[in-house]
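Working notes, structure below.
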Amino acid sequence: MSIKVRYFASLKEDLGRSEDILETASLLTVRQIWQCANPQQTLPNPILVAVNKDYADLESLVNDGDEVAFFPPVTGG
Amino acid sequence: MNDNQLLRYSRQIMLPKIEVDGQQKLLAAKVLIVGAGGLGSPASIYLAAAGIGNITIYDDDVVDLSNLQRQIAHHTPDIGMDKAISSQQTLNKLNPDVNVNAVKQRLAGEQLDVEVEKADVVVDCSDNFATRFAINTACVRHKTPLVSGAAIRFEGQVSVFTPGRDNSPCYNCLYQSDGEELVNCATNGVVAPITGIVGSIQALEAMKLILGIGETLVGKLLLIDGLSMEINSMNLKKNPTCPSCGGMGVT
């Protein structure tokens with residue numbers, strides 16, 4: 001299965017890249033997708049995730065061809 | 001409306017979506033703005049200029065030199081003044097039609113409930129999760145529309161929640177309160193115009209809610225990256241098990 005993983009805003013800056021293409025053998029959750037793509041980086045908490053532009057939680061399953069997008073949360077004002 | 005008002009708002013009144021009726025709705029509207037900082041400044045200035053008749057602003061802070069880079073309702077001579085009062089002075093000078101109620105207080109508890117119930121629209125310009133969750137809870141309880149904005153670094157986010165209407169999600173469907181407290185502008189920095197962009201979008205969304213025109217950001221989170229100038233949105237859904245709005249019936 002091929003999954004496109006995208007990182008936005010300061011997350012992109014922190015990771016030093018804007019996307020990964022993951023080839024996975026089995027069905028994974030959003031959380032597992034992050035771990036596969038970023039084995040050295042703890043998943044930030046909180047974080048915003050969209051799968052195919054729909055809000056998703058960390059346990060949502062990701063299917064072949066899906067796009068998973070990670071956004072840093074923002075609370076400042 | 002008198003002749004001066006017809007002239008003052010003429011460029012808005014000429015819009016077929018607004019006209020005299022719409023301007024009268026704006027003049028009769030009550031908007032609660034929580035926070036008179038980076039977002040509250042542009043949001044309140046645009047809402048006052050546009051002729052929102054009744055604006056209530058809560059902020060417990062005083063104007064500091066480090067605020068002036070982005071908090072455009074406050075000026076250099078206002079350093080040391082209460083932000084609520086400084087904002088009130090700026091808005092009164094801009095548009096004497098507007099009845100500005102400014103309160104130096106962190107809006108919480110029963111007072112928050114009372115103010116949210118009175119408001120037609122709440123504009124959340126606060127700077128922390130605890131206040132945002134409290135505002136959301138009160139808006140869900142009173143089914144008051146909420147325009148939520150946030151900004152930090154080069155980034156901004158905006159959404160609109162109309163609890164009890166259109167199967168709207170709420171702020172708690174988007175963010176859960178079990179996360180750690182986030183960094184703020186004082187520790188992370190924020191570039192001046194991103195607060196202006198987000199606060200201005202909040203003002204526009206508030207006006208659309210009052211006027212009942214267009215499509216608001218209900219069910220959508222707008223994500224702005226000022227550095228790449230990439231604007232994305234994600235679709236939000238009401239979480240049926242949301243601790244704030246999960247039990248609320250759909251109408």
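What the table below lists for this structure:
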quantity	calculated
Search result, residues across the stretch B:39-93 that are part of a helix (DSSP H, G or I), hydrophobic (A, V, I, L, M, F, W, C) and over 22 Å from B:Ala206 (Cα atoms)	B:Leu65, B:Ile85
Some residue of the stretch B:10-23 being under 27 Å from B:Arg132 (Cβ atoms) and outside any helix (DSSP H, G or I)	no
The lone exception for B:Ile135 - which of (1) over 21 Å from B:Leu26 (Cβ atoms); (2) in contact (Cβ under 8 Å) with a residue 60 or more places away in the chain; (3) away from every other protein chain (no Cβ under 14 Å) it fails	(3)
Flag if B:Leu32 is under 16 Å from B:Ala151 (Cα atoms) and within 13 Å of the chain's Cα centre (by Cα)	no
Filtered residue count, the stretch B:160-199, keeping only those that are more than 10 Å from chain A (Cβ to nearest Cβ), modelled with pLDDT of 95 or more and out of contact with any helix residue (DSSP H, G or I) (no Cβ under 7 Å at 6 or more places or on another chain)	6
Only listed residue being surrounded by fewer than 14 Cβ atoms within 10 Å (Cβ to Cβ), among the acidic types (Asp, Glu) and more than 9 Å from every other protein chain (Cβ to nearest Cβ), chosen from A:Asp66, A:Asp20, A:Asp14, A:Asp57	A:Asp14
Residue pairs meeting the criteria (Cβ under 7 Å; at least 6 apart or on separate chains; first without any contact (Cβ under 8 Å) to a residue 40 or more places away in the chain, in the stretch A:17-39; second basic (Lys, Arg))	A:Ser18/A:Arg6; A:Ser18/A:Lys12; A:Glu19/A:Lys4; A:Glu19/A:Arg6; A:Ile21/A:Lys4
Close pairs from the stretch B:70-82: first over 11 Å from B:Ser44 (Cβ atoms), partner surrounded by fewer than 16 Cβ atoms within 10 Å (Cβ to Cβ), Cβ under 6 Å, at least 6 apart	B:Arg70/B:Ala192; B:Ile79/B:Leu65
Enumeration of residues in the stretch B:187-237 that are without any contact (Cβ under 8 Å) to a residue 24 or more places away in the chain, of a type outside the set (Lys, Arg) and outside any loop (DSSP other than H, G, I, E, B)	B:Thr187, B:Glu230, B:Ile231, B:Asn232, B:Ser233, B:Met234, B:Asn235
Residue tally, condition within 10 Å of chain A (Cβ to nearest Cβ), under 30 Å from B:Val191 (Cα atoms) and surrounded by fewer than 21 Cβ atoms within 10 Å (Cβ to Cβ), over the stretch B:220-246	8
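The values are calculated or read from the model by the stated rules, or taken from the named source; none is laboratory data. Worth saying up front: this structure is predicted, and the values here are computed from it rather than measured. Positions of Cβ are backbone-derived with ideal geometry, glycine not excepted, and every protein chain shown enters the neighbour counts.
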